[in-house]
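Each remark here refers to the structure printed beneath this line.
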Amino acid sequence: MKTLYRLVSITSFWCASTLSHAVPVTLDFSAYPSGTPIASLSIPGVTFEVSPGTTAQVNHSIGSGNGFFMLGNNTQGRVTIRTSGAMTSSTFVTYGYGSCQTPLPGDIVKWYLGPDLIETNDNFVQYSGRCNERQFTRNFAHDAIVFEPHYDAQYGSQEMYVSDITLDFTPPVATTQAIPTLSQWGQMALVGLMGLSALVALGRKNS
């Protein structure tokens, strides 16, 4: 019985520990129709914060079709993506469809760990032939990603599209724990029941 209890304990600990590591989660926008506000999306462990005056909607017609479109309506638009645990890395592609005239700055992407800004990218570049199309991969811990499409008084609001988002983080246990594990009391109760069953079986055999 002691050996069985240890086996159950080790198995339970292994299941719990393997489910507590960061895993790559690709955000799937295809399950939602184009035009759905991203603030209303239900993606386990992921929240979208949309600043007032910003339009941010699922869009399947730009880039790979797996992303969202955002526009600041005569304001500085902003979308913040947060996860239930700190991200260990993130990958995504951005497209800017505003004016491509230099020397205007491009769209801005920021990474935050807590309240502290880690890195900001505001370079105006050409990538794959589209205006301000860029692919990002960041391999450091961060709590939030902030997207801000370019905006200025002369050219007004600029559009921005973000697609192919993969975030490495620890999803909520309730959404990832496919194998239920028992608490210590539950394990003891299970072992006790198994012990009683064994005693009953032995009693019947001896009688």
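Within 10 Å of each residue's Cβ, count the other Cβ atoms and sort His60, His21 from fewest upward. Mind showing how you got there, number by number?
Values: His60 18, His21 9.
By the 10 Å Cβ count, ascending: His21, His60.
Contour minus end-to-end for Ser197 and Ala31, with contour as 0.36 nm per residue of separation and end-to-end as the Cα-Cα distance?
On the way: separation 166, 0.36 × 166 = 59.76 nm, distance 4.83 nm.
Separation in residues times 0.36 nm, less the Cα-Cα distance, equals 54.9 nm.
For Ser84, put the label point 7 Å out on the Cα→Cβ axis and report which residues of region 34-72 keep their amide N under 12 Å from it.
43-47
Every read-out reported here was derived from the displayed coordinates using simple, explicitly stated rules and does not represent laboratory data. Note that the structure is a prediction, hence the values are computed from the model and not measured. FYI the Cβ positions are ideal-geometry reconstructions off the backbone, even for glycines, and counts take in every protein chain you see.
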